[in-house]
Structures are given as structure tokens and as C-alpha cells.
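Notes for the one structure printed next.
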Amino acid sequence: MGPKLKIAIHNNRKPNTLKAVNYLRSGLQKSGFRFDNRHPDIVITVGGDGTLLSAFHRYAAQLDHVRFVGVHTGHLGFYTDWRDYELDHLIDALKVDSGQSVAYPLLDVTTTYKNSREQAHFLCLNESTIKRLGSTLRANVYIQDSFFESFRGDGLCVSTPTGSTAYSKSLGGAVLHPRLEALQITEIASINNRVYRTLSAPVVVASDENIVFKPSPADDYVLTVDQLTLNHRPIEKLEYRIAKERIHFARYRHMHFWDRVEEAFIGANSHEELS
């Protein structure tokens, strides 16, 4: 396939990123690659995981034929395999591309709004949260259409396996391997006392089960889908499930998931293996 690939470059505006983009674009042009921002085969993101999330939502309608490649110009990212000083090696890998990829599960989010019963549909790579502005969130939680608990607290988070290393982890959630294809619910500052009681622990839900939140009536909910924020619409119901769609990364070299976790959160210089 090689230079026949149509490539789009999606990047942030930081000086070191722009320098890398100019070098990458020049190298790809010299190698005969074509650029197509509307209908690419490969989307190369240059920046970090936030840049890749932005690219994912931009091309979410083309996931059936688009593959992503991440170049990070700052700290190590979970979705970025290449560093900015490896661009020549990346171009060489693209030249011999044979369509190889690795797929990760996505979160399907369906929001039903009150009054109009209008629905909105989103795809999510990392996590989706629901919170209230300045008030306690009250919501009934259902798993596979069965009532599970009444929640009171700051908010609720539902994450994908790859998203388990992001916001969910900071809330005390478990780190899940992407092959599990499970969803995870983590609580955000739940209220637990004699009157109100939740499980107060991360909940891992199987891939064939759905999660439903039915919040109490209010018009100050804040719904997030990855880095996107949607607010000030009364929500009747939120439904989460593993999406039919998947994101595909053009993986030219393998890095074990647990190696990514170790490098990002522990670091090779912070400990020594016991003999």
C-alpha cells in the first residue's frame, strides 16, 4: 500500500509540535504520499493524547476505514507510539504499510433529554461523566435494565478499558486491559452515611450489558464525552454500552499494554526489580 495511502495530519499549535509537523509533512511529500484531510486512510496526530482524542471525534464517522497513528511531542501518551525524533522511522514504516492495525473498544453514549424526549448519540474513546454544578447529583443506576443503586455525590464516570488509565484511574478505578472489552463505573465523591449508601467501589460491567443512569430532575447537569462538555439541558436518561464501532491504530511496532502502564505511571528509574 505504502505511498498510495492518503494521509491527514492533525496537530496542536505548540512550537515543538509545529516544528515536527513541518518535518513530517516534508518527508511524506518527498516519499510520494498524498494528503487528504477529508477522506484519509491514515490520520497522524502530532501532540499528545488530547490531540488524538480531538482527531478521533473529528473522524468518528469514518472509523470503518480510517486508522490512526500518534506522535507525541511531550510526555508519553497511551495512544501515541512514536516520538518526534522518530519521524524518519515512521515514514519508513508507512512506506511498507500492509494495512496492519490493532482495534480498541469504544463507549456508545445515548442521551435522552426531558420534555422533548429528543436523543443524542456519541462515541467515546476514554470516558463519559455526568455531574451537577454546585449541587449533589442524585441518580438511579441500572445495570442490564435491573436497578442497582441510588447514587448521591458529585458525579459518575463510565470509562472504556483504554480510558481506565485516564480520569477513572484518578477516581480509584481499576486499570483494565483493552482485550477485556468491559465498561467501568467509578463514583465521584459519593455520599455514604446511615441514610444514603452506594457500593462505593469501581464496578466492571461485561461487554454484553448496558449501564443506565436516570438522574433526578434538574437543568444544571454537565455531561462530558472525552474532552467535550455539554451542559444546561435537562437529562432524563443516559445509556452506556460497548459500541459496535471500534477505533483502529496502524500499529507498526508492538508495545505491550502493561509496558505502557509501567512507563507512564511507575517509570523505569523509580524502582528496581527485586532479585
**Request:** Kindly indicate whether Val141 is part of a strand (DSSP E or B) and of a type outside the set (Ser, Thr, Tyr).
**Result:** yes
**Top-ranked residue of region 24-69 - restricted to ones that are polar (S, T, N, Q) and in contact (Cβ under 8 Å) with a residue 12 or more places away in the chain, ranked as farthest from Glu86 (Cα to Cα)** = Gln62
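Being in contact with a Gly (Cβ under 6 Å, 6 or more places away or on another chain) and either at pLDDT 85 or above or more than 24 Å from Gly77 (Cβ to Cβ) (or both) narrows it down to one residue among Pro234, Pro202, Pro217; which is it? Working first, answer last.
Numbers: Pro234 fails: in contact with a Gly (Cβ under 6 Å, 6 or more places away or on another chain); Pro217 fails: in contact with a Gly (Cβ under 6 Å, 6 or more places away or on another chain).
Testing whether each residue is in contact with a Gly (Cβ under 6 Å, 6 or more places away or on another chain) and either at pLDDT 85 or above or more than 24 Å from Gly77 (Cβ to Cβ) (or both) leaves just Pro202.
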**Prompt:** Which one of the conditions (1) touching a residue at least 40 places away in the same chain (Cβ under 8 Å); (2) surrounded by 16 or more Cβ atoms within 10 Å (Cβ to Cβ) does Cys157 fail to meet, given that it meets all the rest?
**Reply:** (1)
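The values are calculated or read from the model by the stated rules, or taken from the named source; none is laboratory data. These numbers come from a predicted model, not from an experiment. Cβ sites come from the backbone with ideal geometry, for glycine too, and all protein chains shown count toward neighbours.
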